Amino acid sequence: FALAAALALLFVVWAAAAAWNWIGLAGMREWGSSTLLMGLSWFGTFGYWLFLENTFFRLAYLVVVAAAAWWYLDEWHLRRYGGNRREAGAGATPTLVHGFLAAYAYGSTAESFLVYLDMKLWILLLTCYLPTLVVFSLAVRAYGMVGAKRTSVTLLGAVVLFQVFLVTTWWPTSFAVIGFTYATVFLALVLVSRQEQQGYLNRRSFSRELAVLGTALVSVFAL
């Protein structure tokens with residue numbers, strides 16, 4: 001009962017946040033995309049939070065998620081009233097952070113489902129891989145990528161994320177390392193898509209971003 005009540009409360013909070021950021025029928029597509037990404041991220045982190053056993057880690061994770069959610073909603077609200085339409089919804093950076101947290105949560109949750117609940121592969125694909133793919137498609141849209149280019153990039157992301165999902169889910173390591181690896185690949189794909197959308201490759205910024213990702217990934221493996 002407590003689990004169902006918590007899930008229902010999360011749904012109410014998500015619906016209230018979505019209603020607060022309603023921008024009318026003219027912006028229905030933008031509102032729907034941003035609301036869906038926010039919901040997938042929140043419900044993904046809810047699933048991950050259930051498998052945390054240490055109270056300190058649970059509280060720390062809640063603080064991180066709450067801070068990211070506040071930032072996302074605040075940026076969305078400012079763009080709504082400030083008239084900044086260069087980036088969709090809350091903007092590229094808050095969307096990217098929310099997407100990273102969602103990918104981390106779904107990657108870790110897939111491992112937990114497999115180990116503790118012995119779920120079948122098709123269930124893992126529906127509950128963890130597919131939501132990540134939707135979040136990826138919505139994240140690249142935040143950079144202004146639409147139409148055929150967005151479709152082709154989403155298909156590429158689907159193939160890469162599927163391969164990484166299959167490999168990492170059966171790794172004999174901790175669920176946190178698996179989730180972080182999955183989220184790092186997700187983040188790298190979005191960053192590559194951003195460079196593609198710009199029409200040119202900023203080697204300096206792109207190399208710096210990949211270096212940070214690589215260092216973080218190596219650090220996690222070393223733990």
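Observations
- Of the residues A16, A26, A5, the single one that is at pLDDT 85 or above, over 26 Å from S108 (Cβ atoms), of a type outside the set (V, I, T) and open to solvent by 40 Å² or more (accessible area, probe 1.4 Å) is A16.
- Condition met for Y81 (at pLDDT below 80, part of a helix (DSSP H, G or I) and out of contact with any strand residue (DSSP E or B) (no Cβ under 8 Å at 6 or more places or on another chain)): yes
- Residue among L114, L96, L52, L59 that is modelled with pLDDT of 85 or more and closer than 25 Å to L130 by Cβ: L114
- Only residues that are open to solvent by less than 10 Å² (accessible area, probe 1.4 Å) and farther than 11 Å from A105 by Cβ were counted in segment 168-180, giving 3.
- Qualifying residue in segment 184-205 (condition: touching a Ser or Thr at 6+ places or on another chain (Cβ under 7 Å) and at pLDDT 75 or above): yes
For (1) among the aliphatic types (A, V, I, L, M); (2) in contact (Cβ under 8 Å) with a residue 40 or more places away in the chain; (3) open to solvent by less than 40 Å² (accessible area, probe 1.4 Å), each residue gets a yes or a no:
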residue: S41; (1), (2), (3): no, yes, yes
residue: G44; (1), (2), (3): no, yes, yes
residue: L59; (1), (2), (3): yes, no, no
residue: W70; (1), (2), (3): no, no, no
residue: H77; (1), (2), (3): no, yes, no
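- Subset of segment 153-167 (residues that are touching a residue at least 24 places away in the same chain (Cβ under 8 Å) and surrounded by fewer than 17 Cβ atoms within 10 Å (Cβ to Cβ)): L156, A158, V160, F162
One line per residue, one yes/no per condition, for (1) in contact (Cβ under 8 Å) with a residue 60 or more places away in the chain; (2) over 18 Å from R194 (Cα atoms):
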| residue | (1), (2) |
| --- | --- |
| A92 | yes, no |
| H98 | yes, no |
| S112 | yes, yes |
| D118 | no, yes |
| I123 | no, yes |
| F136 | no, no |
| R141 | yes, no |
| A148 | no, no |
| T151 | no, no |
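- Residue match in segment 87-110 (condition: open to solvent by 50 Å² or more (accessible area, probe 1.4 Å) and either assigned to a loop (DSSP other than H, G, I, E, B) or touching a Leu at 6+ places or on another chain (Cβ under 7 Å) (or both)): yes
- Residue check for T127: assigned to a helix (DSSP H, G or I), open to solvent by less than 80 Å² (accessible area, probe 1.4 Å) and under 17 Å from T168 (Cα atoms): yes
The values are calculated or read from the model by the stated rules, or taken from the named source; none is laboratory data. Bear in mind that the values here come from a model prediction, so they are computed numbers and not experimental data. Don't worry about glycine lacking a Cβ; one is built from the backbone with ideal geometry, like all the others, and counts go over all protein chains shown. Each accessible area value is taken on the protein alone, full model and side chains, heavy atoms only, with ligands, DNA and RNA left out. Shrake-Rupley method; radii C 1.70, N 1.55, O 1.52, S 1.80 Å.
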